[in-house]
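This report refers to the structure that appears directly beneath it.
The values are calculated or read from the model by the stated rules, or taken from the named source; none is laboratory data. Just so you know, these numbers come straight off a predicted model, no measurement behind them. We place every Cβ from the backbone using ideal geometry, glycine too, and count neighbours over all the protein chains shown. Side chains included, ligands, DNA and RNA excluded: accessible areas come from the protein's heavy atoms. Shrake-Rupley method; radii C 1.70, N 1.55, O 1.52, S 1.80 Å.
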Amino acid sequence: QVQVVESGGGLVQAGGSLRLSCAASGSIFSINAMGWSRRAPGKQRELVAAIASAGSTNYADFAKGRFTIARDNAKNTVYLQMNSLEPEDTAVYYCYVIAGPATYWGQGTQVTVSS
């Protein structure tokens, strides 16, 4: 069994920063990639950022220049540093872990950006 647990969400004013963390634990033998997606109210889930085991990264256009994804392979942990947050970034942020053929999702953490 695999557990994926996010933390670090909350309420922040526009222009502020938040750092999300996500730790995977359990029967994980090899993680291929980790990442974050989000779902804003009334919208579909969208990719935010992803990072491969070798460190290559991929960002959504809205995240480029503002968000940074990083991972600690030894801890099976991925981070998302979010700067210059905007009200449009308000969403539930979900962490995911790709290990072999399976994708595991966290329960989500709420990020609310006030104007």
In Å², rounded to a whole number, the accessible area per residue of the range 3-94 with probe 1.4 Å is 51
With every protein chain in place, the accessible area of residue 2 for a 1.4 Å probe, in Å² rounded to the nearest 10, comes to 30
Karplus ³J(HN,Hα) for the range 29-46 (6.51 cos²θ - 1.76 cosθ + 1.60, θ = phi - 60°; Hz, whole; x = Gly/Pro) runs 9, 7, 8, 7, 8, 9, x, 10, 10, 8, 10, 8, x, x, 10, 7, 5, 9
Diffing the range 53-59: the Karplus 3J(HN,Hα) column from phi (6.51, -1.76, 1.60, θ = phi - 60°), in whole Hz with x for Gly and Pro, holds 4, 7, x, 5, 10, 9, 10
For the range 58-115 the mean separation of alpha carbon contacts under 8 Å (6+ apart) over residue count, i.e. relative contact order in percent, is 27
Of the accessible area of the range 13-88, computed with a 1.4 Å probe and all protein chains kept, carbon and sulfur make up a percent value of 46
Scoring the chain by relative contact order with C-alpha pairs under 8 Å, at least six apart, yields a percentage of 37
Measuring from its Cα centre, the chain shows a charge dipole (+1 at each Lys and Arg Cβ, -1 at each Asp and Glu Cβ) which, in debye to the nearest 20, is 100
For the chain, whose charge dipole is built from +1 on Lys and Arg Cβ atoms and -1 on Asp and Glu Cβ atoms, the candidate among 85, 96, 24 with its Cα farthest towards the positive end is 24
Counting only protein heavy atoms and leaving out ligands, DNA and RNA, the solvent-accessible surface of residue 64 at a 1.4 Å probe, in Å² to the nearest 10, equals 120
